[in-house]
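Colleague: Please read through the structure below; I'll follow up with questions.
The values are calculated or read from the model by the stated rules, or taken from the named source; none is laboratory data. All figures in this text were calculated on a predicted structure; none of them were measured in a lab. Every residue, glycine as well, gets a Cβ built from its backbone with ideal geometry; the counts of neighbours run over all protein chains shown.
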Amino acid sequence: MASQLEENLLVGSTFSDFGMTAKELSILFTPENVRDGSSLVQLGRHGKIEGLMMKLRTDPKKGLDSSNINDMELRVKNFGDNKPEIKEPKALLEYILENFEDPMLRILCLAAAVNLIIGVWTEGWKEGWMDGMAIFIAVIIIVSVTAGNNYVKDQQFRKLNAIAENRNVNVKRGGKIVSTNIYELVVGDIMIVDTGEKLPVDGVVIESSDLKADESSITGETNPIKKNVPVIYEQQDKANPFLISGSSIIEGTGEILILAVGENSQWGISKKLMTQQTKDDKTPLQEKLGILADQIGEYGLKAAVITFIAMTLHLLYDAVFNEYPLFSAHAVKEILNFFIVSVTIIVVAVPEGLPLAVTIALAYSVGKMKDEKNLVRFLSACETMGGANNICSDKTGTLTENKMTVTNLYVEDTDFSKLDPKAIKNSTLELLCEGICLNSMAHPQIDESGKFEHIGNKTECALLEMCYKFGYDFRQIRQNMGEKIKKKFPFSSEKKKMTIILDPKGDKTQFKIYTKGAPDMLLDKCSHYINAEGKATVITNDYKQKINSIIKNYASQSLRSILLLYRETMIQGRPQKPEEFNNVEDLIDKSYTIIGVTGLQDPLKEGIIKAVQQCKEAGVTVRMVTGDNFDTAVAISKKAGILPPNYEHHEDSLAVMEGKTFRQMVEGLEYEKDEKGNEIPKVKNLQNFTTIAQELKVLARSSPEDKFLLVTGLKQLENVVAVTGDGTNDAPALKKADVGFAMGIQGTEVAKEAAGIILLDDNFASIVTAMKWGRNIFDCIRKFLVFQVTVNVVAVTMAFLGGVFLKESPLTSIQMLWVNLIMDTLASLALATEPPTDELLTRKPYGRKEHMITPGMWRSIICQAAFQLFVLLIILFRGDSIFGIESSRGHRLDEEYNPVYQEHYTIFFHIFVFLQVFNEINARKLKKTELNVFDGFFNNYLFIGVIVGTIVVQILIVQLGGKAIKVTPLDFGHHVACIIIGMCSLGVGYCIKQIPDQYFQSIELFKEQVAPEANPETIQGKMKRPSTFLRKKRAIENKQPLKGSQEIELKAGTSGFKQ
């Protein structure tokens, strides 16, 4: 393989300003070359990592000089830039041609072509072209408007996707750590990588602190790959310094030298090879409505077939008994007209507008949600939020500002509420600040005035800012002592601490260890503390009680406590290289000396209390899942309104639990295989989980695995669950949830990849916005469904009755196509873009198994259709005498146009359209309590435009359509009469709402795809908790021993979680 690599390099080698080409560097990251070690060998031939830096003119400490424009341009010229290759968007014409793939429209066009030929043959060019050409024009208008909608939607989604992919990373430029857009990265840059980072480029590791990468999406390797700096650069060396673009950092931190960007990186090569998708992924609601549309279409197909047979039988009857010339061009044209009418019935009956309405509603909502700080990645997430009834939220950065400030400091056995460095001994202060500055991964920026810009972990930044105010500049300390750091153990959500090992003297005899983390995880590992004289003293029981009291007091003030420790010790074997320290972490994790405890304030975000209250009013349970300790979690949740202000915890309460207790109570996860052999996680003790879920509001001191366990159980109980997360370990829970919300500011790229929606402002209140828009989508689709099914029933019924009893349809094919345009495309535009109201947040969410068509909707559909049919039948059979005009019945007007006899059917067509127009206004308000259909009418200008536009075009069609549309001009009085009759739909709509829903409960005309209800016996969700349950809980919390032989054995706290 190595020889193959060399051969490829020779082929790709051309002159370069840096002594190597983009292809030479790119091929180093080919997975096969990395796997067999040939990339490592080739890296050695480039002069190892140090040689590469020299060739690329990169300073390992300062990085590149971004002010040197010529150098940056030279790098782009030789190695390319990191800008994405964007696929060309479809042209409007392509969308139009796609719409012609509908078989019914093709058949209609074919029939129109035959009609055109026969018309010209029998009537000549002057008159014969109109019927066929009118159908062609109508079809073109329909597909053009539909294609236009799809085109605009695609443009919107492209803009949103561009925003979703755009992000910043930290690189070294000019000796500083700066945040740079990924599109501006160039070969030779030194990039800082941290846990959760998704690599936008290919690079080699030049510094590693336990770096591990997930390359499963690139190489298929499911196990994490350790990344470190090589030693011997030979194939037998197990070191792997190659970080491949598209992979994710799941553990550790480090620095990489960027060697391939853009189309030369592995991710860029893959994207270039990707073929364009042949079809869009449908959301669950689109699929459900697609099934519903097919079922409605089946009724239309049956009606069309019966109509065609009835009209054909009438023609045969005339041929036998009335001497109609059956074997003539006129007869062929008439049969063709029957066929066209029948196909048009199918076109009208099949509600293509249903899936289209979802698409329009989603496109409209997604754009508006982006304006309100919700970036939707998956359309299904947007609609699913309408049914969310549980929200599991993080605390830091979601409910709180994530603007940490150190407000309290307990040091030298004194609690300082005002930070005064002069009151602290110099030796203690030096230990405190040295440990904070070195044992940190944050890189805040400080301007000339000393103002901090927090870049990195906000807790670390706040600690560094405190040190800066104490006169200790972390930049200077890192510069002076950075080389003495021998090993970094990054923060672990499991151990809740981070540690560094220093060799202060450089002789490997005495190492200094700094550790910081959660007090409840570290206090038991401490043996000494620094007393008021600044000296290390053995910890006494009195001191333990005092420091625990201090921590509890901080927690009651909603302060986050960080314990700062150090120890000096020898390490067996005198390790020197970072990898030699890998196995010593557990050995050194003891006998610490306490330097102090910091209390950090993170205030609630503005609007959180209101947002939580809105969730409660909307029937949504808010649960806070946090890594903070019990008391801090309770204090914050009481402030936010998640717990009542007067909440007092007692031993039998389930409202607040710690992760460990929760995990043991529900006994973790078990995995069952589905029909396809996939492992599906299930909560082991669902009975206990059900009891807990009824009360649980706060899960404190929890891990990402606990969050996954909670989400899994809630979904098992048929809840629709939304989850927030920002860390790499949150990804499984974000994926498992019905809707995952990742933090746009603090969230890792791994979390964002797993989420359906990204909160651009990291604010819980934005979740309420998403919930409101999700419910609005559901409402809009229901409004459109009521309107369209009503039009379908009336149009198809009238065409069917006309064909059977009058030998002709009172609505011609061209008229029905206009109706189809009104009810499919224009109505979907009008009703699917209705803005949400705050009323949406005052009712319960939609159930997971709720039917699309409710009894109230059936009431509107059936009663409104019955009224319209009643009016239209009167107009059809008595309209001529009512208006004092000639009847259109029995004059074969589809065969021979006559303006005098056409007036009757023109009025029929006019009234039919106006009944639909005003019923469209009715459809805006479906609830029985919403009696004023004009409430908020002027909030949707698109709706007003569609209504006004439809009325204007309808009048123009009647006045100017003539023979092409089979209408005749009406006088002003007739127009007014038709509009007034159409407006009766509004009054009838008001009266319909007075009819009780109970009369329509049993109607199930369409079989919606709804799963059967879960058997309640399987979960036994009883409100009364059995005594064994409480005894078990107390035993876990060490409040009393387990008793009773029937208790279930505990599994030592394991969650059974699988990554």
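Colleague: Take I360 and decide whether it is closer than 30 Å to T812 by Cβ, in contact with a Gly (Cβ under 8 Å, 6 or more places away or on another chain) and crowded, with 24+ Cβ neighbours inside 10 Å. So that I can check it myself, show each step before the final result.
Modeller: Values: closer than 30 Å to T812 by Cβ: yes; in contact with a Gly (Cβ under 8 Å, 6 or more places away or on another chain): no; crowded, with 24+ Cβ neighbours inside 10 Å: yes.
For I360, the condition - closer than 30 Å to T812 by Cβ, in contact with a Gly (Cβ under 8 Å, 6 or more places away or on another chain) and crowded, with 24+ Cβ neighbours inside 10 Å - is not met.
Colleague: Could you grab the pairs with beta carbons closer than 7 Å, sequence gap of 6+ or different chains, first residue in the range 778-806 and under 17 Å from V350 (Cα atoms), second one among the hydroxyl-bearing types (S, T, Y)?
Modeller: Hits for this filter: F784/S828; V786/S860; A799/T307; A799/S809; F800/T307.
Colleague: State yes or no: is E695 among the charged types (D, E, K, R), more than 29 Å from D194 (Cβ to Cβ), modelled with pLDDT of 90 or more and not in a strand (DSSP E or B)? Let's see the steps before the verdict.
Modeller: On the way: among the charged types (D, E, K, R): yes; more than 29 Å from D194 (Cβ to Cβ): yes; modelled with pLDDT of 90 or more: yes; not in a strand (DSSP E or B): yes.
So E695 fits the description; yes.
Colleague: Would you kindly identify the helices (runs of 4 or more DSSP H) lying entirely within the range 795-914 that contain at least 2 residues that are over 28 Å from I141 (Cβ atoms)? Don't jump to the end; show me each part of the working.
Modeller: On the way: elements: 813-821, 827-831, 855-883.
Hits in the range 795-914: 855-883.
Colleague: A further question follows. Looking at M53, M20, which is the one that is of a type in the set (A, V, I, L, M), in contact with a Leu (Cβ under 7 Å, 6 or more places away or on another chain) and at pLDDT 85 or above?
Modeller: Criteria check complete, one pass: M53.
Colleague: Follow-up. With assigned to a helix (DSSP H, G or I), exposed (fewer than 15 other Cβ atoms within 10 Å of the Cβ) and in the same structural domain as A827 (by TED's automatic domain parsing) as the only criterion, which of C991, C984 stands out? Don't jump to the end; show me each part of the working.
Modeller: Working: C984 fails: exposed (fewer than 15 other Cβ atoms within 10 Å of the Cβ).
Unique residue meeting the criteria: C991.
Colleague: OK, next. Regarding the range 635-645, can at least one residue be identified that is without any contact (Cβ under 8 Å) to a residue 24 or more places away in the chain and of a type outside the set (K, R)?
Modeller: Initial filter on the range 635-645 (without any contact (Cβ under 8 Å) to a residue 24 or more places away in the chain): 638, 644-645.
With of a type outside the set (K, R) added as a condition, the list becomes 644-645.
Checked against the condition, which is being without any contact (Cβ under 8 Å) to a residue 24 or more places away in the chain and of a type outside the set (K, R), the range 635-645 yields at least one hit.
Colleague: If I filter the range 706-716 for residues that are of a type outside the set (S, T, Y), in a strand (DSSP E or B), in contact with a Lys or Arg (Cβ under 8 Å, 6 or more places away or on another chain) and surrounded by 23 or more Cβ atoms within 10 Å (Cβ to Cβ), do I get at least one hit? Walk me through how you get there before you give the answer.
Modeller: If we filter the range 706-716 for residues that are of a type outside the set (S, T, Y), which is where we start, we get 706-711, 713-716.
Subsequent filtering for residues that are in a strand (DSSP E or B) retains none.
No: the range 706-716 contains no residue that is of a type outside the set (S, T, Y), in a strand (DSSP E or B), in contact with a Lys or Arg (Cβ under 8 Å, 6 or more places away or on another chain) and surrounded by 23 or more Cβ atoms within 10 Å (Cβ to Cβ).
Colleague: Ok, one more. With the condition kept exactly as written, say whether any residue in the range 603-612 is within 25 Å of K458 (Cα to Cα), out of contact with any helix residue (DSSP H, G or I) (no Cβ under 8 Å at 6 or more places or on another chain), assigned by TED's automatic domain parsing to the domain that holds E695 and surrounded by 22 or more Cβ atoms within 10 Å (Cβ to Cβ).
Modeller: Taking every residue of the range 603-612 in turn, none turns out to be within 25 Å of K458 (Cα to Cα), out of contact with any helix residue (DSSP H, G or I) (no Cβ under 8 Å at 6 or more places or on another chain), assigned by TED's automatic domain parsing to the domain that holds E695 and surrounded by 22 or more Cβ atoms within 10 Å (Cβ to Cβ).
A quick yes/no check of all residues on (1) farther than 30 Å from T180 by Cβ; (2) modelled with pLDDT under 65; (3) over 37 Å from the mean Cα position of the chain (by Cα):
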position	(1), (2), (3)
L74	no, no, yes
K87	no, no, no
L92	yes, no, no
I96	yes, no, no
N99	yes, no, no
N115	yes, yes, yes
G148	yes, no, no
Y151	yes, no, no
L160	no, yes, no
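Colleague: Also, I was wondering about something else. Of the numbered conditions (1) at pLDDT 80 or above; (2) in a loop (DSSP other than H, G, I, E, B), I206 satisfies every one except a single condition; which is it?
Modeller: The number of the failed condition is (2).
Colleague: Separate question: Output the residue which, of all residues in the range 679-692 that are in a helix (DSSP H, G or I) and in contact with a Leu (Cβ under 9 Å, 6 or more places away or on another chain), is farthest from A555 (Cα to Cα). Can you show your working first?
Modeller: As a first pass, look at the range 679-692 and keep what is in a helix (DSSP H, G or I): 686-692.
Pick out the ones that are also in contact with a Leu (Cβ under 9 Å, 6 or more places away or on another chain) and you get 686, 689-692.
On the way: L686: 32, F689: 28, T690: 30, T691: 28, I692: 24 Å.
By that ranking, first place goes to L686.
Colleague: Still on this structure: Search the range 304-319 for residues that are in contact (Cβ under 8 Å) with a residue 24 or more places away in the chain and among the aromatic types (F, W, Y) and pair each with any residue that is assigned to a helix (DSSP H, G or I) and surrounded by 14 or more Cβ atoms within 10 Å (Cβ to Cβ) when their beta-carbon atoms are under 7 Å apart and the residues are at least 6 apart or on different chains.
Modeller: F308/F338; F308/F339; F308/S342
Colleague: I would also like to ask the following. Check whether at least one residue in the range 1007-1022 is over 30 Å from V913 (Cβ atoms), touching a strand residue (DSSP E or B) at 6+ places or on another chain (Cβ under 9 Å) and at pLDDT below 80, and report yes or no.
Modeller: Scanning the range 1007-1022, I find no residue that is over 30 Å from V913 (Cβ atoms), touching a strand residue (DSSP E or B) at 6+ places or on another chain (Cβ under 9 Å) and at pLDDT below 80, so the answer is no.
Colleague: Pairs needed: first member in the range 661-680, closer than 21 Å to S703 by Cα and touching a residue at least 12 places away in the same chain (Cβ under 8 Å); second member anywhere, of a type in the set (D, E, K, R) and in a strand (DSSP E or B); C-beta distance under 7 Å; at least 6 residues apart or different chains.
Modeller: L669/K682; E670/K682; Y671/E679
For every residue, the table says whether it meets (1) at pLDDT 85 or above; (2) surrounded by fewer than 24 Cβ atoms within 10 Å (Cβ to Cβ); (3) not assigned by TED's automatic domain parsing to the domain that holds I340.
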| position | (1), (2), (3) |
| --- | --- |
| I767 | yes, no, yes |
| C780 | yes, no, no |
| L785 | yes, no, no |
| T797 | yes, yes, no |
| G802 | no, yes, no |
| S809 | no, no, no |
| K849 | no, yes, no |
| P855 | yes, yes, no |
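Colleague: Enumerate the pairs (first residue in the range 485-498 and of a type in the set (G, A, S); second residue anywhere and modelled with pLDDT under 85) with beta-carbon separation below 8 Å, excluding pairs fewer than 6 apart on the same chain, so at least 6 apart or on different chains.
Modeller: S493/G627; S493/S703; S493/P704; S493/G727; S493/N729
Colleague: Can you say whether V791 is in the same structural domain as K302 (by TED's automatic domain parsing), crowded, with 20+ Cβ neighbours inside 10 Å and in a helix (DSSP H, G or I), as far as the supplied structure shows? Working first, answer last.
Modeller: Values: in the same structural domain as K302 (by TED's automatic domain parsing): yes; crowded, with 20+ Cβ neighbours inside 10 Å: yes; in a helix (DSSP H, G or I): yes.
Yes, satisfied.
Colleague: Has the range 413-429 got at least one residue that is in a helix (DSSP H, G or I), outside the structural domain of M498 (by TED's automatic domain parsing) and touching a Phe, Trp or Tyr at 6+ places or on another chain (Cβ under 6 Å)? Walk me through how you get there before you give the answer.
Modeller: Initially, the range 413-429 is screened for residues in a helix (DSSP H, G or I), giving 421-423, 426-429.
Now narrow it down to the ones that are outside the structural domain of M498 (by TED's automatic domain parsing): none.
No, there is no match, as no residue in the range 413-429 is in a helix (DSSP H, G or I), outside the structural domain of M498 (by TED's automatic domain parsing) and touching a Phe, Trp or Tyr at 6+ places or on another chain (Cβ under 6 Å).
Colleague: A further question on this structure: Exactly one condition in (1) over 30 Å from H649 (Cα atoms); (2) part of a strand (DSSP E or B); (3) touching a Ser or Thr at 6+ places or on another chain (Cβ under 8 Å) is false for I758; which is it?
Modeller: All conditions pass for I758, except number (3).
Colleague: For the range 613-662, which residues satisfy the criterion of being charged (D, E, K, R) and either surrounded by fewer than 19 Cβ atoms within 10 Å (Cβ to Cβ) or assigned to a helix (DSSP H, G or I) (or both)? Steps first, answer last, please.
Modeller: Initial filter on the range 613-662 (charged (D, E, K, R)): 616-617, 623, 628, 631, 638-639, 648, 651-652, 658, 660.
Result: K616, E617, D631, K638, K639, E648, E651, D652, K660.
Colleague: Under 8 Å by Cβ, and 6 or more places apart or on different chains, what pairs join a residue from the range 520-548 that is without any contact (Cβ under 8 Å) to a residue 12 or more places away in the chain and part of a strand (DSSP E or B) with one that is surrounded by 13 or more Cβ atoms within 10 Å (Cβ to Cβ) and not basic (K, R)?
Modeller: What qualifies is T537/H528; T537/Y529; T537/I530; T537/N531; V538/S527; V538/H528.
Colleague: OK, next. Of (1) at pLDDT 90 or above; (2) surrounded by fewer than 24 Cβ atoms within 10 Å (Cβ to Cβ), V723 satisfies all except one. Which?
Modeller: So V723 meets the others, but not (2).
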